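K.L.:
Before I ask anything, let me first share the structure, which is written out below as structure tokens.
Each reported figure results from applying straightforward, stated rules to the coordinates on display, with no laboratory input. Please read all numbers here as calculations on a predicted model, not as lab measurements. Here the Cβ positions follow ideal geometry from the backbone for every residue, glycine too, while neighbour counts run over all protein chains shown.
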Amino acid sequence: MVKKLYISIDMEGLSGVVVGDHVSRTGKDYEWARKEMVREVSAVIDTAFKNNVEYILVNDSHGSMINLYIDQLPEGNIEIITGSLKPLSMMEGITSNFDACFFIGYHARKGTRAAVLDHTIFGRAYHKIIINGREASEFYLNALVAGHFKVPLALLAGDDKIVDEARSLIPNIETVITKYSITRYAARHVHPKVVEKILREATRRALENVDSGKVKPLTTNTPIKLELVFTSTALADACENIPTALRKNAFTLEFTVENIIEAYKVIKTASLVSSAILK
Ligand SMILES: [Zn+2]
């Protein structure tokens, strides 16, 4: 039985969201998108509590990570992590004590054609993040972090492109398509109230899939070969100072790390260094 549930919620993959104004704190449509964030995660929380889940940890995983109106989430045995500079960032708080994890509002990796606001972790800094030869999306990276703690990713909600990737990598994952991306800045949306209904049904099924052992934690081989392909040679120059970095070419650094948690630390550090350079 799923007693403890972990939820990571991003914004770019929510229904209705297509442009920077929806997801930036100074954007004209940001307040609307924050409400959609509450709507989608609330449907999941409410359904999970009605299906025997006893504790839920929600991690605000977008941008500055202070997007959720926490007082508007359903009441119950729920805790919410907000704020950035978290060691595990989009997966802060995940431990082996959780029985399942869900991702909401997720989006495609940088370089995906016809995918709303495609990026990976830090769009201006990374052209690609490659894990053991596979180009990683935030979904892939974060599902591996959950897998490190033996927690299965049982539900993902987002645009059609990231749903395709999730289905191809995790057998029996429940997915909810919130919109069909047309280009980077356009999509055909499923009505937010319909998304809410589908999320409720998917949550019930996802919890059952974990109970019956149908959905397994995602893993990769260790040690991990991590490649960071930067958008500028200046970023590679600066991040080359991170211990153990190997300069593969003008744009690319390679690291060999013990596991996905160590990979995450390198990505986090390289992101902080990059943001100092990009200022
Ligand atoms: Zn985001």
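K.L.:
Quick check for me: using +1 on Lys/Arg Cβ and -1 on Asp/Glu Cβ, what's the dipole size of the chain about its Cα centre, in debye to the nearest 20?
P.N.:
Details: 34 positive and 33 negative charges, 95 e Å.
In total the dipole reaches around 460 debye.
K.L.:
Now for a different question. Over all distinct Cα pairs, what is the inverse of the mean 1/r for the chain, reported as the Kirkwood hydrodynamic radius in Å? The partial results should precede the final answer.
P.N.:
On the way: mean 1/r = 0.0534 Å⁻¹.
Roughly 18.7 Å, rounded to one decimal.
K.L.:
Counting alpha carbon pairs within less than 8 Å and at least 6 residues apart, what relative contact order, in whole percent, applies to the chain?
P.N.:
RCO, the chain: 20 percent.
K.L.:
Going through the stretch 81-113, which trypsin sites (Lys or Arg not before Pro) have at most 12 other Cβ atoms within 10 Å and a DSSP loop state? Display every interim value, and only then the final one.
P.N.:
Numbers: sites: Arg109, Lys110, Arg113; in loops: Arg109, Lys110, Arg113.
Listed in order of number, the matching sites are Arg113.
K.L.:
Let a ≥ b ≥ c be the square roots of the eigenvalues of the Cα gyration tensor of the stretch 224-278; is it rounded (a/c under 1.5), or, if not, prolate (a/b larger than b/c) or oblate? Kindly include the intermediate steps, with their values, before the conclusion.
P.N.:
Numbers: a/c = 2.12, a/b = 1.37, b/c = 1.54.
In terms of gyration-tensor shape, oblate.
K.L.:
Kindly provide the helix-only [θ] at 222 nm of the chain, computed as the sum of -39,500 (n - 2.57) over DSSP H runs of four or more divided by all residues, to the nearest 500 deg cm²/dmol?
P.N.:
-10500 deg cm²/dmol
K.L.:
From the square roots a ≥ b ≥ c of the eigenvalues of the alpha-carbon gyration tensor of the stretch 124-279, which class results: rounded (a/c under 1.5), prolate (a/b over b/c), or oblate? Walk me through the numbers on the way to the answer.
P.N.:
Details: a/c = 2.94, a/b = 1.60, b/c = 1.84.
Oblate, because a/c is 1.5 or more while a/b does not exceed b/c.
K.L.:
Just to confirm the filter: which GluC sites (Glu not before Pro) across the stretch 189-279 are DSSP coil and have at most 10 other Cβ within 10 angstrom of their Cβ?
P.N.:
Answer by residue number: Glu258.
K.L.:
Could I ask something else about it? Counting other Cβ atoms within 10 Å, which trypsin sites (Lys or Arg not before Pro) in the stretch 197-255 have at most 16 and lie in a DSSP loop? The partial results should precede the final answer.
P.N.:
Working: sites: Lys197, Arg200, Arg204, Arg205, Lys214, Lys225, Arg247, Lys248; in loops: Lys214.
Within the stretch 197-255, the qualifying trypsin sites (Lys or Arg not before Pro) (loop, at most 16 other Cβ atoms within 10 Å) are Lys214.
K.L.:
Please return the longest range in the chain lying between exposed loop sites, taking chymotrypsin sites (Phe, Trp or Tyr not before Pro), DSSP loop only, at most 14 other beta-carbon atoms within 10 Å, and leaving the sites out.
P.N.:
70-184
K.L.:
Roughly how far apart, in whole Å, are the Cα centres of the stretch 1-59 and the stretch 73-94?
P.N.:
12
K.L.:
Ranking Val23, Val215 by Cβ neighbours within 10 Å, fewest first, what do you get?
P.N.:
Listed from fewest to most nearby Cβ atoms, that is Val215, Val23.
K.L.:
Report, ordered by chain and residue number, the lysines lying within cross-link reach of Lys265, taken as a straight Cα distance under 17 Å and ignoring same-chain residues fewer than 8 apart.
P.N.:
Lys86, Lys128, Lys225
K.L.:
Sort Val176, Val19 so the one with the fewest other Cβ atoms within 10 Å of its own Cβ comes first.
P.N.:
Val19, Val176
K.L.:
Sort the stretch 10-153 into rounded, prolate or oblate with this rule: let a ≥ b ≥ c be the square roots of the eigenvalues of the Cα gyration tensor; rounded if a/c is under 1.5, and if a/c is not under 1.5, prolate when a/b is larger than b/c, oblate otherwise.
P.N.:
Numbers: a/c = 1.86, a/b = 1.15, b/c = 1.62.
In terms of gyration-tensor shape, oblate.
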